[in-house]
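Each reported figure results from applying straightforward, stated rules to the coordinates on display, with no laboratory input. Predicted, not measured: the structure shown is a model, and the values here were computed from it. Glycine also receives a Cβ, built like all others from the backbone with ideal geometry; neighbour counts cover every protein chain displayed.
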Amino acid sequence: MTQTSPAPLAPAADAATDAATDAAEVARRRGHVLIARAAAVCGLLPLGGAAMAGASLLAALAAGAFFAVLAVFSLRLAPALGRPVAAIALVAQVAALTGTLSGHPWQLDSHMYFFAALAATLVMNDRSATLAAAAAIVVHHGVLTLAVPALIYPSVSLLVDLGRLLAHGAAVVVETAALVYAIGTRARLDAQGREDAERLRAAMDEAEATRAEAEGARTRAEAAKAEAESASCAARAAAREAEEEK
């Protein structure tokens, strides 16, 4: 009777390993697309701020459009570069909003969106993107506090603005540390998943080798059995011939 051999185990192990390896990159890609789209949509924020504060709508439109294009363009770059660019574009839209609200009572409230934008970079699961966004916030706050404070705070005095800079900077550092820790934890879990997949693959390869060896032993046993039966038939035939000759 012909027996059907079990399906090889190796392809299943390969698929598990590949899935574990690709999962993190797929998540980063989806996160990058999401942040790029969010930054493009947020190009409307400067327009809204300008309308509220009576600032130049043309300047607001130009700033929002520029950073929206930058965000979309980031999708064409190598992922390691594109993700930080998308993160910076998102933060830049918030910076443009804050600038257009100069002189408006809500200007200081707009700073909450810096923290929201920084938190949003977590979806890209890329430490460099989150750090780039944090650096952009710190540089933006630091430069404008010293050069054009009206574009970032309802300025009272340089001393007060420096105090705000330190307070906001400390909040950015704390949030960034938490995000980087979360990203590192996800990376460790992904690495553990890949290791588990590799161990599964090794175990399945070993099982496949054992199955093949057992299959070969069975084939050899069947051949030996057939040979023994043939020899037995030949012996019986020889015995009958000997009997007939007597």
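For this structure, a couple of remarks:
- The chain, relative contact order [Cα under 8 Å, separation at least 6], %: 22 percent
- Per-residue Cβ neighbour rank within 10 angstrom, fewest leading, Cys42, Cys233: Cys233, Cys42
- Residues Glu206, Glu198, arranged from fewest to most other Cβ atoms within 10 angstrom of their Cβ, appear as Glu206, Glu198.
- Simple rule: put +1 on each Lys or Arg Cβ and -1 on each Asp or Glu Cβ in the range 125-201, find the dipole, and look at Leu144, Ala191, Gly163; the Cα lying farthest toward the positive end is Ala191.
- The range 32-50-the range 84-143 distance, computed between alpha-carbon centres (Å): 11 Å
- Sorted by Cβ density within 10 Å, fewest first, the residues Met112, Met52, Met124: Met112, Met52, Met124
- Long-range tail of P(r) for the chain (Cα pairs > 22 Å, %): 67 percent
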